[in-house]
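What follows is a short report on a single structure.
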Amino acid sequence: DGGITQSPKYLFRKEGQNVTLSCEQNLNHDAMYWYRQDPGQGLRLIYYSQIVNDFQKGDIAEGYSVSREKKESFPLTVTSAQKNPTAFYLCASRSGTGGFGEQYFGPGTRLTVT
Amino acid sequence: DAKTTQPPSMDCAEGRAANLPCNHSTISGNEYVYWYRQIHSQGPQYIIHGLKNNETNEMASLIITEDRKSSTLILPHATLRDTAVYYCIVRSTPPGGADGLTFGKGTHLIIQP
C-alpha cells in the first residue's frame, strides 16, 4: 500500500543525545515536511524539502537538522541543542513542488527525552 | 497567511450533521481554505479545500460565504469515528512555491452516542 511510514512510534532518549527520526514515503511525492506538535497545540513546521538535495527551514528549525538524499526519505535529527525536544513529531508529503495539493501525514513518532 | 478562529470544542449527536464554523476575516483573494482533522495520537488527515465555491467530496461539504470571511465544514451524518480535532487553515502559495501548513488549536468535535 502507498503511504508514509515513520519509525519508531515511541522513542526514548537521554538528554544530551542526538536522535534521528525516520520518514519514508512511497507515494512518489516531491515535497516532504516535518512538523512538531506539543500537547493541546497545533502543528508547527520544522523543515521542508521540495526536491532532493534541497530543504528549507520552517518556523522552528533551531536544534534540528534534516537531509534529503533520496526522494523517498527525509530523516529528521533532533540535536542536543534543541532545548525542549519532547514532543510528537509528524512527517508529511505532497505531490508537486508548487501550487496546491493536500499533504499526507505519517502516523507520527512520540519522542520523550529525560 | 490569514489567521483563522474556531471554537475550541463542539458536541454533535451521532447520525446528525456536524457543522464546524471557521472565521477568516482577513483572507485575501488568492488564499484557499483547507480543512484537516486529527484523531487522537494520529497524523492529520486532509478533508477538503476550496477557494470561493462550495465544495463537496465523499467526506464532507465546505460552504464558503460570499465575502469569503467565514466558512463551515459539514459532516452530513456524523459517526463516533468522526470524533477528532478539526483544523481550518487558510493559505496561499508564495512565489517560489515555499510552503507548509500553519495549524492552530482547531475545534475538538465530540460525537455523542
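Please treat every number below as a calculation from the coordinates, not as lab data. This structure is a prediction, so every number in the text was calculated from the model and none was measured. Virtual Cβ from ideal backbone geometry, glycine too; neighbours counted across all protein chains shown.
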**Study point:** Dipole moment magnitude, nearest 20 debye, chain A about Cα centre, only Lys, Arg, Asp, Glu C-beta charged
**Key:** 320
Exercise for review: Express in % the proportion of alpha carbon pairs of chain B at distances exceeding 21 Å.
Suggested key: 33
Study note, to complete from the structure: Under the 7 Å Cα-to-Cβ spin-label approximation, A:Asp38 and A:Thr20 lie apart by a distance in nanometres of 2.8
Review point. Cysteines of chain B lacking any other cysteine beta carbon under 4.7 Å?
Key: B:Cys12
Practice item. Using a cut-off of under 16 Å, list every residue of the stretch A:60-91 whose amide N is near the label point 7 Å from the Cα of B:Ser41 along the Cα-to-beta-carbon line. Key: A:87-90
Revision key, fill the gap. The relative contact order of chain A, taking Cα pairs under 8 Å that sit 6 or more residues apart, comes to a percentage of 35
Review point. Which value in nm describes the separation of the simple spin-label points at A:Thr77 and A:Glu62, placed 7 Å from the Cα toward the beta carbon?
Key: 2.0
Check your understanding: Residue separation times 0.36 nm, minus the C-alpha to C-alpha distance between A:Asn28 and A:Asn53: what's the value?
Key -> 7.4 nm
Study note, to complete from the structure: The summed charge of the B:Ile39 Cβ neighbourhood (under 14 Å; Lys/Arg +1, Asp/Glu -1) stands at +1
Exercise for review: Kindly give Rg over Rh for chain A, based on alpha-carbon atoms, with the Kirkwood expression for the hydrodynamic radius.
Suggested key: 0.95
Check your understanding: Which net charge results for the neighbourhood of B:Ala60, defined as the other residues with beta-carbon distances under 10 angstrom from its beta-carbon, given Lys and Arg at +1 and Asp and Glu at -1?
Key -> -2
